[in-house]
Amino acid sequence: MAFAQPATFNEPWSDDRVFGYLNQLPPRGIDADFHVLYNAYKHMRPFDFERLLTRFVAEGRNVKATNPKGQTLRDFISAHKTHNAEFLALLDKFAG
């Protein structure tokens, strides 16, 4: 029987961990900027997502990048009943 690693929550994320998302390569047919934003949204807390967005925008990347359905990350999040207002506010802040 294998031992499960205990879950940890609210641990600090290093810069390497946060900014490592900027280097993720997308699957074929997926916009690289959308891929980074989507994966960061799925895994990060709002505080860490804001850190990522600061560098993302500074690198000239597109906060309004779309998925194959033509949705921005903001559109995608907004479509869910349980959307997180903090993430929407951050996307609005950095989309200019």
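Taken together, the values in this text are just the output of simple stated rules run on the coordinates, not laboratory data. Since the model is a prediction, treat every value here as computed from it, not as a measurement.
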The chain - percent relative contact order, Cα under 8 Å, separation 6 or more
25
Using 0.36 nm times the number of residues separating Leu88 and Arg55, minus their current alpha carbon distance, what extension gain do you get?
10.1 nm
Reach of Lys64 by Cα under 16 Å, taken over lysines that are not fewer than 8 positions away in the same chain:
Lys93
